[in-house]
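The block underneath contains the structure these notes are about, expressed in structure tokens.
The values are calculated or read from the model by the stated rules, or taken from the named source; none is laboratory data. Since we're looking at a predicted model, the values are computed, not measured. With ideal geometry, Cβ positions are generated from the backbone for all residues, glycine too; neighbour counts draw on all protein chains shown. Note: accessible area is taken over every heavy atom of the protein model, side chains too, but ligands, DNA and RNA are not part of it. Shrake-Rupley method; radii C 1.70, N 1.55, O 1.52, S 1.80 Å.
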Amino acid sequence: MTNRNLENKNILLAVSGSIAAYKAVDVASQLIKQGANVNVAMTEAATKFITPFTFKTLTGNVPFLDMWDINTPSKERHIELAHSADLMIIAPATASTIASLAYGLADDSVSLCALSTEAPRLIAPAMDHQMWNNSATQTNINKLKARGDIIIGPDYGRLASGDFGLGRLSSTEEIVSETKARAGKMYGDLAGKHIVITAGGTREPMDPVRFLGNRSSGKMGYAVAEAARDRGSDVTLISSVSRPLIKGVNIINAETTAEMFQKVQEATKNADALIMAAAVSDFRFKDINKNKIKNKDKDMDVSLTPNPDIIASIKGDIIKIAFAAEINDMEKFALQKLKSKKVDFIIANDVSNPAIGFNSDNNKVVIFSNTGDQINLPLMPKIDVGHEILNSLKKRF
Ligand code: PMT
């Protein structure tokens, strides 16, 4: 995978004493898969739920447990970990740990590291819902937010007590996604740029239950959005489909071409680039029936009228990237669209091939630029196609 924004980043994962401590193992594992170097600090209570040896085996680093350990090498361990951290994640953070952080206490390995680090802190609380809702905890959380800490969750669901409520540790995906979003803002090569991206197939209603649509799943557009987020851009994703949310991405729903047209117009007013991966319907029904059309056992004629071309309508100081979904003569049609839509790049893909087109996890594209360059990319995951597109875009900034 290209452009992993956690690659070689030092992440200090602090674990406090909650039943959710076992989930921190998965968080550590996913961070390592993203190329991060993970050090773990554990409170004594955390060691009752999960063993330090698990983290040592997984991360290759000895967890920091005891601030009074006489065998610690010369430099104090908490100082070394706190200073070398690019990001600190506290997951799970118990009510007690949250209170320590809010009051600046430093009486265990986790609070000691948290007070000593200048790295951004991401805090994922986990506790019973009554503890979470207690005004003492809420006051502490608000203090931490006001100081710039990022609070992830907690989620609603079944808790260890058997009750349902807010207090579950957020999912590993959410914690890692938030970590990547934060790393993007800190180190991303597209930080400070606002990129508008579209995804999914538009739906043109015929009556209240039927529509004219296409097979776009939104995977390509969402992948470009995630790649742009990881590289630090402010991302507005205008989508006709519902997919799992991407942390740090502003997602706006637009079902019809008319809605997408309007949302793209608004969002691009202060944007640096527009990337249209959405499969936009070229036509809509001339008349939309107010009621469901009944089966009358006879032929029916419908009248279609052309939709406006969204990307061609966007003018001004903005870099425009369109996709071309073709099933034959890909290069010829893509180059025609590059010119007629007056875009900077066109990303051509063959949608007749189920392995790379609609709804697949991979794509194989050719990037044509308006200066005559052509990049033929091999088959790769859509997130990597996203990064390749952004590499071309970056050269124009
Ligand atoms: O969503 P997935 O399942 O992952 O599938 C990805 C994809 C195949 C949809 C994607 O890779 C892709 O090719 N998207 C463009 C689909 C398309 O509408 O292509 P087109 O050749 O019809 O349109 C050319 C470009 O003009 C596109 O960028 C389109 O968004 C834009 N357009 C089209 C019509 C219109 N009225 N306004 C537009 O802006």
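Ranked from highest to lowest mean number of other Cβ atoms within 10 Å per residue, what is the order of the peptides 237-248, 299-310? Please list the in-between numbers first.
Working: 237-248: 19.4, 299-310: 11.8.
Those peptides, ordered most packed to least, come out 237-248, 299-310.
Considering only protein heavy atoms and a 1.4 Å probe, what is the carbon-and-sulfur percentage of the accessible area of the stretch 190-394? Spell out each step's value before the answer.
Values: 4900 of 10210 Å².
In the stretch 190-394, the share of accessible area belonging to carbon and sulfur is 48 percent.
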Worksheet item: With each label point set 7 Å from Cα along the Cα-Cβ vector, what nm distance links Leu304 and Asn253?
Response: 2.6 nm
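Ignoring ligands, DNA and RNA, please state the percent of accessible area on the stretch 38-137 from carbon and sulfur, probe 1.4 Å.
Values: 2580 of 4700 Å².
C and S atoms contribute 55 percent here.
If we sort 321-331, 341-351 on the protection proxy, mean other Cβ atoms within 10 Å, highest first, what's the order? Mind dumping the intermediate values first?
Numbers: 321-331: 18.5, 341-351: 21.5.
Output ranking for 321-331, 341-351: 341-351, 321-331.
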Fill in: Listed residue pairs exceeding 30 Å between alpha carbons, taken from Lys185/Lys219; Lys143/Lys269; Lys145/Lys180; Lys298/Lys337
Lys143/Lys269; Lys298/Lys337
Practice prompt. Quick one: which residues, 5+ away or cross-chain, put their amide H under 5 Å from the amide H of Leu304? H built at 1.01 Å from N.
Written response: Lys286
Worksheet item: In the stretch 25-111, what trypsin sites (Lys or Arg not before Pro) fall in a loop by DSSP, with at most 14 other Cβ atoms inside 10 Å?
Response: Lys75
Item to complete: Let me see the pair-distance distribution of the chain: every alpha carbon pair, 20 Å bin width, integer percents in order.
Response: 25, 44, 27, 4, 0
Discussion item. I need the calculated FRET efficiency for the pair Asn8 and Thr54, taking r as the beta carbon distance and R₀ as 35 Å, to the nearest 0.05.
Written reply: 0.90
Worksheet entry | Residue-by-residue Karplus 3J(HN,Hα) for the stretch 269-274, coefficients 6.51, -1.76, 1.60, Hz, glycine and proline x | 4, 10, 9, 8, 8, 10
Discussion item. Modelling each spin label as a point 7 Å along the Cα-to-Cβ direction, I'd like the Leu377/Arg158 distance in nm, to one decimal.
Written reply: 4.2 nm
Item to complete: Over the chain, average the accessible area per residue using a 1.4 Å probe and give it in Å², no decimals.
Response: 48 Å²
Worksheet item: Nearest 0.05, what FRET efficiency do Ile70 and Leu166 give at R0 = 45 Å with Cβ-Cβ as r?
Response: 0.60
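Set the Förster radius R0 to 25 Å, insert the Cβ-Cβ distance between Asp329 and Lys395 as r into 1/(1 + (r/R0)^6), and round the FRET efficiency to 0.05.
On the way: r = 28 Å, r/R0 = 1.11.
After rounding to 0.05, the efficiency reads 0.35.
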